[in-house]
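Below is one structure, written out as structure tokens; the observations come after it.
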Amino acid sequence: VGADGWIVSSAFNFANKPTSILVAAGGARHVARLVATDRTRMISLLKIEATGLAVPASLPRAEMRVGQSALAVGRTLAPGLEAFPSVSLGIVSALDRVWGKALQTDAKVSPVNYGGPLVDLDGRVMGILVPASPQGEGDTAGFEWYDSGIGFAIYFDDVLAAVGRLKAGRDLEKGMLGITMAPGDQHAVEPKIAGVAPGGAAEKGGLKAGDVITSIGGKAVANPAQMLHALGRLYQGDKVAVTVRRGMEVVRVEALELGGP
């Protein structure tokens, strides 16, 4: 992601806290420094001392289509520079999965290529291959699905947007409202707040237990699942407009600053 030595990979590759990291680029091996990790998308930013590296073109998110061909490429476990990368042909089988953060492919995605790119037939990068799960979190969440025909890649547009923040050396955490929701099927019940965490984002924004959330970021939400989609791409510290129904009253918070875990 940078000709001057900026590299992104899946955080899965560093789950065991390696004492050294080597990156093969430009026909040579380089010692890499782990700079920071995006902990909502599980992408890590590395820095190597190199210049003039090739940086691939990206395919804009708006141009991706379900059914288009895709190649999953990677060489995470390759023993040497002379080894060919793993290449698997598939299609883009779904968009906006894992609460809007990932695209889905039926190409083989596993530890062999975690951290590599999912590219279109013109070589443009659509996303970075990672293990991912809508239920689990952490470096290895979704690992159990590898080579199942359900693989995920984090949108490259989103990765590039996060790189500038990761260069500062601080991990990015997911943005949270600091609330608990009323029980029920997340796809069926209304998004009613059951509790507000003391000192959390919602409390600071004036939200209360019993409020029903009606929109986030200007998008209407009708159930907790739609809330998760609206919040899924946001980080701790991001600001978002939230509208709630409080009895017969409509309350709007214009710029609620999201908290973290």
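The values are calculated or read from the model by the stated rules, or taken from the named source; none is laboratory data. Every value quoted in this text rests on a predicted model; they were computed, and no experiment measured them. Counting neighbours? That spans all protein chains shown, and the Cβs are built from the backbone with ideal geometry, glycine included. What goes into the accessible areas is simple: the full protein's heavy atoms, side chains included, and nothing from ligands, DNA or RNA. Shrake-Rupley method; radii C 1.70, N 1.55, O 1.52, S 1.80 Å.
Quick rundown of the values:
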quantity: The stretch 180-196: number of residues that are in contact with a strand residue (DSSP E or B) (Cβ under 7 Å, 6 or more places away or on another chain), touching a residue at least 24 places away in the same chain (Cβ under 8 Å) and open to solvent by 40 Å² or more (accessible area, probe 1.4 Å); calculated: 2
quantity: Strands (runs of 3 or more DSSP E) within the stretch 4-51 that include 1 or more residues basic (Lys, Arg) and in contact with a strand residue (DSSP E or B) (Cβ under 9 Å, 6 or more places away or on another chain); calculated: 28-38, 43-47
quantity: Filter pass, Gly67 being open to solvent by less than 30 Å² (accessible area, probe 1.4 Å), at pLDDT 80 or above, out of contact with any helix residue (DSSP H, G or I) (no Cβ under 6 Å at 6 or more places or on another chain) and farther than 27 Å from Leu234 by Cβ; calculated: no
quantity: Residues located in the stretch 20-55, provided they are touching a helix residue (DSSP H, G or I) at 6+ places or on another chain (Cβ under 9 Å) and open to solvent by 60 Å² or more (accessible area, probe 1.4 Å); calculated: Leu34, Arg39
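Yes/no matrix, rows are residues, columns are (1) loosely packed, with under 15 Cβ neighbours inside 10 Å; (2) free of Cβ contacts under 8 Å to residues at least 40 places away in the same chain; (3) within 18 Å of the chain's Cα centre (by Cα):
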site	(1), (2), (3)
Gly206	yes, no, no
Thr214	no, yes, no
Ala220	yes, yes, no
Pro224	no, no, no
Val242	no, no, no
Gly247	yes, yes, no
Val250	yes, yes, no
Glu254	yes, yes, no
Leu258	no, no, yes
